[in-house]
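One structure is given below, encoded as structure tokens.
Nothing in this text is a laboratory measurement; each read-out follows from the coordinates by a stated rule. If you're wondering where the values come from, they're calculated on a predicted model, not measured in any experiment. Counting neighbours? That spans all protein chains shown, and the Cβs are built from the backbone with ideal geometry, glycine included.
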2 protein chains.
Amino acid sequence: MENNYPDEKRILIEKSLSELFPSEDNYPQIIYKAMRHSLFSGGKRLRSVLSLSAAEILDYDIHKILPTACAIEYIHTYSLIHDDLPAIDNDKLRRGKPTCHIVFGEDIAILAGDALFAEAFYLISSRQEADSPEKIVKIIEELSDASGVRGMVGGQVVDIESTGKTIASSTLEFIHKNKTGRLISASVKVATILAGADEEKTKALLDYSSHLGLAFQIIDDVLDTAGETELMGKEAGSDERMLKSTYISIFGLEKAKIHAKEEIEKAKDSLSIFGERKQPLIEIADFVYKRSS
Amino acid sequence: MENNYPDEKRILIEKSLSELFPSEDNYPQIIYKAMRHSLFSGGKRLRSVLSLSAAEILDYDIHKILPTACAIEYIHTYSLIHDDLPAIDNDKLRRGKPTCHIVFGEDIAILAGDALFAEAFYLISSRQEADSPEKIVKIIEELSDASGVRGMVGGQVVDIESTGKTIASSTLEFIHKNKTGRLISASVKVATILAGADEEKTKALLDYSSHLGLAFQIIDDVLDTAGETELMGKEAGSDERMLKSTYISIFGLEKAKIHAKEEIEKAKDSLSIFGERKQPLIEIADFVYKRSS
């Protein structure tokens, strides 16, 4: 893990995921194995670490947000499994490991994604006794909205529909705002809900997360163009192979890098009201940017 | 619709679905169209009608359970779309119409299922202001549990794993209890949660729903063996073509019919504590049985 990434939070997430997620000794084993194959395949845990860091900046006990943060990792993992399917991105590698459908077959991979998504809502609704039911309902509203047709799925659909076509930059923005950005923002928003943050702090954190989400995606495009399979853990150039429009194909590599840098700076500027406390979120923004350099 | 089926409740569900479900004028249109193609393709609305009927028997306002009942139809529809996929059951017809992936492609069908599932939790968490948040959280816990790895998905996985094999009757029971039965039971359970039903009434209704769910599945097997494509609205014999074990392949047609009848009688007997009020649920049980005769 690179410098300054909040590894102690990532480790806490890994530990919680291990504790909370059902063992593969359950029946039928194959589906638990498939879910765990994708859930425990490394990764930065960016979304859940953001939840913890946002909770921290709002003075909310980070241990109390852990089930929600883990549920967000379930949702993220489910979306990766379905994205990788032959009918969608047809990716055979993810984080250097064979994707779920390569190991377990397409049928089990579809169902492993489905089950992870269900398990996310089960975890939140069954394990969050520390929080008020009103807040839990709001969290579920936010996460179901962010992952569905007005969020992740909507972005993915426009991405699919745009494949092989020249698209406007506004369409590309729609794709990324929804496909990637919305769940990143939701990771921060759940912390504002649980902490009962006021309007000003909520706005600051949501501004931060939307700039960060956009930068993250541009940098993903940069890495996908320039990177090597080994570095990315997935097949480099796979977006180009699928004829997808990216920030690079629309703006060129240099402009895309400048755009990413600008978004990172805007993300960091959004946090000024938090004073010194903003440091952990600044470090996450720096980490996201450093991936590209 | 056959005699005695509570058509007024089915019509109320259709009306609510129309009101609650986002229009296909939203962007991106194709995903809304795909979701609506499968959601509004007729069907008995058995699960949501059960929710309304269980609410009624418990003296709970059936209008207040409508968002939850509609959400259960979203979940049921999502499961059908994914079941029909080429990688799973590879069904081209459903209720006499081409399945979602036939019309919209496999990628959009996967995502339409995903989005319907997300929308179910969004609907419950965003539209149920009439009910206490405690109860909403419990409903979400029940539905996410019933649709995930300990419910629908678990049953589907064992079904897939059993294809082409001779299986024990206990395995077949596991498949149906989870793949079909669990969501049917959840449709009744959500009513007991919202109505705050006591233990005795809750047990009676859950006994009813588990016997009904089993009968429903046996009758589905009977129809699939004996039925014609026109009658079933899906390709008859498709389970046999896929070499799946069914109640018929294990017990034979006549024994399966007797078993179904017994389960229907047990379902009806479970309701004795409700006296005259049980009538609507009795009629649903009779309707389920009549499908096979």
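List the chymotrypsin sites (Phe, Trp or Tyr not before Pro) within segment A:9-90 that DSSP assigns to loop and that have no more than 15 neighbouring Cβ atoms inside 10 Å.
Values: sites: A:Tyr32, A:Phe40, A:Tyr60, A:Tyr74, A:Tyr78; in loops: A:Phe40, A:Tyr60.
Those that pass, being in a loop and sparsely packed, are A:Phe40.
Can you pull the three principal axis extents for the Cα set of segment A:113-175, in Å, largest first?
Result, largest extent first: 49, 23, 12 Å.
Per-residue HN-Hα couplings for segment B:94-100, Karplus 6.51 cos²θ - 1.76 cosθ + 1.60 at θ = phi - 60°, whole Hz, x for Gly and Pro?
Per residue, the Karplus-derived 3J(HN,Hα) values read 8, 6, x, 10, x, 5, 4 Hz.
Among A:Thr180, B:Ser126, B:Cys100, pick out the residue whose Cα is farthest towards the positive end of the charge dipole of the protein assembly as shown, where Lys and Arg carry +1 and Asp and Glu carry -1 on C-beta, about the Cα centre.
Highest projection toward the positive end goes to B:Cys100.
Find, among the residues of chain B, the one whose Cβ sits nearest the axis of the rotation taking B to A; state the distance in whole Å.
B:Pro133, 2
B:His101: net charge of surrounding residues, Cβ under 12 Å, Lys/Arg +1, Asp/Glu -1, itself excluded?
Values: positive: B:Lys92, B:Arg94; negative: B:Asp83, B:Asp84, B:Asp89, B:Asp91, B:Glu106, B:Asp107.
Computed value for this residue: -4.
Can you give the net charge of the other residues whose Cβ lies under 13 Å from the Cβ of B:Ile184, counting K and R as +1 and D and E as -1? Please report the intermediate quantities before stating the final value.
Numbers: positive: B:Lys44, B:Arg45, B:Arg47, B:Lys177, B:Lys179, B:Arg182, B:Lys189; negative: B:Glu73, B:Glu142, B:Asp207, B:Asp220, B:Glu263.
My count for the surroundings of B:Ile184 gives +2.
Rounded, prolate or oblate for the protein assembly as shown? Axes are the square roots of the Cα gyration tensor eigenvalues, ordered a ≥ b ≥ c, and the cut-off for rounded is a/c under 1.5.
Verdict is prolate for the protein assembly as shown.
Give a residue-ordered list of calculated ³J(HN,Hα) values for segment B:174-189 (Karplus: 6.51 cos²θ - 1.76 cosθ + 1.60, θ = phi - 60°; whole Hz; x for Gly, Pro).
4, 4, 6, 4, 8, 5, 10, x, 5, 6, 5, 5, 4, 4, 7, 4
When the C-alpha atoms of chain A are aligned to their principal axes, what extent does each axis show, in angstrom, from largest down?
50, 48, 34
Can you give me the distance in nm between label points at B:Lys255 and A:Ser170, each placed 7 Å from the Cα along the Cα-to-Cβ direction?
Placing both labels 7 Å along Cα→Cβ, they lie 6.7 nm apart.
Does segment B:57-207 come out rounded, prolate or oblate, given a ≥ b ≥ c as the square roots of the eigenvalues of its C-alpha gyration tensor, rounded meaning a/c under 1.5 and, failing that, prolate meaning a/b above b/c?
Working: a/c = 2.50, a/b = 1.40, b/c = 1.79.
Judged from the Cα gyration tensor, segment B:57-207 comes out oblate (a/c at least 1.5, b/c at or above a/b).
I need the GluC sites (Glu not before Pro) found in segment A:97-163, filtered to DSSP loop residues with at most 16 other beta carbons within 10 Å of theirs. Don't jump to the answer; show the numbers that get you there.
Values: sites: A:Glu106, A:Glu119, A:Glu129, A:Glu134, A:Glu141, A:Glu142, A:Glu161; in loops: A:Glu129.
Sites meeting the loop and neighbour criteria: A:Glu129.
Using amide H atoms built 1.01 Å from N in the peptide plane, name the residues 5+ places from B:Arg94, or on other chains, whose amide H lies under 5 Å from its own.
Correct list: B:Thr99.
Note down the nm distance, to one decimal, between modelled labels 7 Å out along Cα→Cβ at B:Thr163 and at A:Leu223.
3.5
Output, in nm with one decimal and in ascending order, the distances from the A:Lys165 label point to the matching label points of the other copies (7 Å from Cα along Cα-to-Cβ).
4.5
So what are the ³J(HN,Hα) numbers for segment A:154-168, from phi and the Karplus equation (6.51, -1.76, 1.60; θ = phi - 60°), rounded to whole Hz, Gly and Pro as x?
x, x, 5, 5, 5, 4, 4, 5, 8, 4, x, 10, 7, 10, 6
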